[in-house]
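Note sheet for the following structure.
The values are calculated or read from the model by the stated rules, or taken from the named source; none is laboratory data. No experiment lies behind these values; they were computed from the predicted model shown. Cβ placement follows ideal geometry from the backbone for every residue including glycine, while neighbour counts extend to all protein chains displayed. Keep in mind that these areas ignore ligands, DNA and RNA; they rest on the heavy atoms of the full protein, side chains included. Shrake-Rupley method; radii C 1.70, N 1.55, O 1.52, S 1.80 Å.
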Amino acid sequence: MNKVKSLADLKKMKNKLQSDISLREKSENPESMIQVKVAMATCGIASGAKDVMDFMITNLDKRNIDAIVTQTGCMGYCYAEPTIEVRLPGQDPVVYGYVDVKKADEIIEKHIKQGELVDGIIPVNYETINKK
Amino acid sequence: MKEIALHIMDIVQNSVSAGATLVNIEVIEKNAEDRFIVIISDNGRGMDKEVINKVTDPYYTTRTTRSVGMGIPLLKQNAEQAGGSFTITSRQGEGTIVTSIFGHSHIDRPPKGDIPGVVSILAGSNPEMDFVYRHAIDASEYVFDTREVKKILEDVPLSNFSVIKYIKEMIEENVRELK
């Protein structure tokens, strides 16, 4: 039987991670990294946000993309859950609605990798003419 | 919610909003008494009596983005439907304790779900907070504490993908060992 993973093994892994980890990730400045926020209030969780979050974490890691995936609260788009917010460094955040695993894959491949917007955006960050 | 793990994830969001720095998640399985107990306690800002009486009302919420708050009512309903009970106690400035008891073998008790995954996501998403997860099955128990993990990791963040994955697998394997 395999040995059960323990904190001692984590210590060994840390040493390897410390050399692998990107300088950007160590810096305390999340603005310089790709950020994905998954809305995880009751509405999001009930509609499958955890599966989307698991998919994001596993696949950004597999595809070697430096990013931070975190949770956020309800943004008021309960009808469109699960929703996620994607922010590329130096750009305004974009919110996607009705995100499932398939949509998440498309967002990674097109938006995150190539900067191309994908169908399903909830317009939130537009500025009106009056504001200017 | 389809799984107890998702309820835990949901209820802990309340602790996050309440400014808690430490959240205790306890899952206690007592086979002899046929009880499945989930206790979530935090050191957040707590609630006064007036609010406490309102939280089980689905049309009460502190948020401003929508006018309903279903998290606590849904958990209460699921616990009660599964032959159990639900209590919430809180003290202003000290914290809140949410206790849900399910009938372990009750047909309507939701499955456990991916509790290790939930704990690892919570730890990775809220690096400035600490989480203790204790899972006991009858006489044996496993305790996971992010404070110990942080001591080991030093400058490697808990939000690192490899760390999240490792934590999940570590909890999974240790809980599986419980008899």
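Residues in region B:140-169 that are in contact (Cβ under 8 Å) with a residue 40 or more places away in the chain and of a type in the set (A, V, I, L, M, F, W, C) were compared, and the one that is farthest from A:Ser19 (Cα to Cα) is B:Ile167.
Taking first residues from region B:24-42 that are farther than 24 Å from B:Ala123 by Cα and in contact (Cβ under 8 Å) with a residue 40 or more places away in the chain and partners that are small (Gly, Ala, Ser) and in a strand (DSSP E or B), the Cβ contacts under 8 Å between residues at least 6 apart in sequence or on separate chains come to B:Asp34/B:Gly103; B:Arg35/B:Gly103. Taking the criterion of being open to solvent by 20 Å² or more (accessible area, probe 1.4 Å), on the phi < 0 side of the Ramachandran plot and more than 14 Å from the chain's Cα centre (by Cα), the residues of region B:22-44 that qualify are B:Lys30, B:Asn31, B:Ala32, B:Glu33, B:Arg35. Under the condition of being within 7 Å of another protein chain (Cβ to nearest Cβ), within 22 Å of B:Val38 (Cβ to Cβ) and in a loop (DSSP other than H, G, I, E, B), the residues counted in region B:124-179 number 1. Tally up the residues in region B:1-21 that are away from chain A (no Cβ under 14 Å) and buried (at least 22 other Cβ atoms within 10 Å of the Cβ), please. Going through region B:1-21 one residue at a time, the tally reaches 1.
Can you tell me which residues in region B:88-117 are open to solvent by 40 Å² or more (accessible area, probe 1.4 Å) and farther than 23 Å from B:Lys2 by Cβ? If the condition is that a residue be open to solvent by 40 Å² or more (accessible area, probe 1.4 Å) and farther than 23 Å from B:Lys2 by Cβ, then B:Thr89, B:Arg91, B:Gln92, B:Gly93, B:Glu94, B:Ile97 are the ones that fit. The number of residues in region A:34-82 that are open to solvent by less than 10 Å² (accessible area, probe 1.4 Å), outside any helix (DSSP H, G or I) and at the interface with chain B (Cβ under 7 Å from one of its Cβ atoms) comes to 2.
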